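What follows is a set of notes on a single structure, which appears directly below.
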């Protein structure tokens, strides 16, 4: 059975890029933030944060190719070009890129390959770029997806520690469940293109690396190691939060992110672009 589709909001738009059509949402005015979601999710996972941040920033978020309502074969290798395509379509010369989990890999490579387009980075729960170790064994997921058992894939992922929320807010739990329920699983059934390594020494923009204090220990170690390896990075822990810290503890998440953004975006070289949405 096909997963339920998200209901596009008034601000939803699509962008044709080579090999895919991307759904994106553009709200607010001011310094620009581009939000890149993690695995098995889509742009709607950012809804609570985007609603808060759009009062002070222009917030752009999109479904990565093959996720949510975006078409195309999922491709970590194509994520950087897709992010650039969104920025170019919206005439954004420079933005702060916020990448969560798997999305942090694209954010980091965007900053290294296109430093003029990235004012700063927020890497939220990033994976291990140094050893290449992963916290999720995808073999079981792939076997289930390729046998047509996508419902079992979603159930397995919903039970994973990465998707465990510690908040008691039912809206956060409902939002996460709805994103997982519509995960199409195409990245598990299609052949993947290996992701090239990244020269961390070339990432010279300001970086805030975040980790939920209750995230997996392996992921907390990865975040700390990455922060040490990047030339201009700061590490922050979000207290009492798991891997999805922006859902788990929104106030603490904002306290870890917003002062960094305000300090970085106070520079005169950072573009302030208008979205045309209120």
(request) Determine if the range 149-158 includes at least one residue that is at pLDDT 95 or above, assigned to a loop (DSSP other than H, G, I, E, B) and closer than 21 Å to residue 189 by Cβ. (result) yes
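The rows are residues; the columns are (1) assigned to a strand (DSSP E or B); (2) at pLDDT below 95.
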residue	(1), (2)
2	no, yes
5	no, yes
8	no, yes
24	yes, no
32	yes, no
52	no, no
60	yes, no
65	no, no
(request) From 224, 255, grab the single residue that is in contact with a strand residue (DSSP E or B) (Cβ under 9 Å, 6 or more places away or on another chain), closer than 22 Å to residue 167 by Cα and either at pLDDT below 95 or surrounded by fewer than 19 Cβ atoms within 10 Å (Cβ to Cβ) (or both). (result) 255
(request) Quick one: count up the residues across the range 65-99 that are more than 14 Å from the chain's Cα centre (by Cα) and free of Cβ contacts under 8 Å to residues at least 40 places away in the same chain. (result) 2
(request) Sort out which residues of the range 227-238 are in a strand (DSSP E or B) and either in contact with a helix residue (DSSP H, G or I) (Cβ under 6 Å, 6 or more places away or on another chain) or at pLDDT below 95 (or both), and write them in order of number. (result) 233, 235, 236, 238
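Of these, 104, 120, which one is in contact with a helix residue (DSSP H, G or I) (Cβ under 6 Å, 6 or more places away or on another chain) and either buried (at least 20 other Cβ atoms within 10 Å of the Cβ) or not in a helix (DSSP H, G or I) (or both)?
Exactly one of 104, 120 is in contact with a helix residue (DSSP H, G or I) (Cβ under 6 Å, 6 or more places away or on another chain) and either buried (at least 20 other Cβ atoms within 10 Å of the Cβ) or not in a helix (DSSP H, G or I) (or both), namely 120.
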(request) Go through (1) free of Cβ contacts under 8 Å to residues at least 40 places away in the same chain; (2) closer than 29 Å to residue 201 by Cα; (3) surrounded by fewer than 21 Cβ atoms within 10 Å (Cβ to Cβ) one by one and return the number of the condition residue 143 breaks. (result) (2)
(request) Return yes or no: is residue 219 modelled with pLDDT under 95 and over 21 Å from residue 45 (Cβ atoms)? (result) no
(request) Give me the pairs, please: first residue somewhere in the range 169-180 and in contact (Cβ under 8 Å) with a residue 60 or more places away in the chain, second residue anywhere and surrounded by 13 or more Cβ atoms within 10 Å (Cβ to Cβ) and not in a helix (DSSP H, G or I), beta-carbon distance under 7 Å, and either six or more positions apart or on two chains. (result) 172/165; 176/165; 176/244; 179/41; 179/42; 180/40
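The values are calculated or read from the model by the stated rules, or taken from the named source; none is laboratory data. These numbers were taken from a predicted model, which means no experiment stands behind them. FYI the Cβ positions are ideal-geometry reconstructions off the backbone, even for glycines, and counts take in every protein chain you see.
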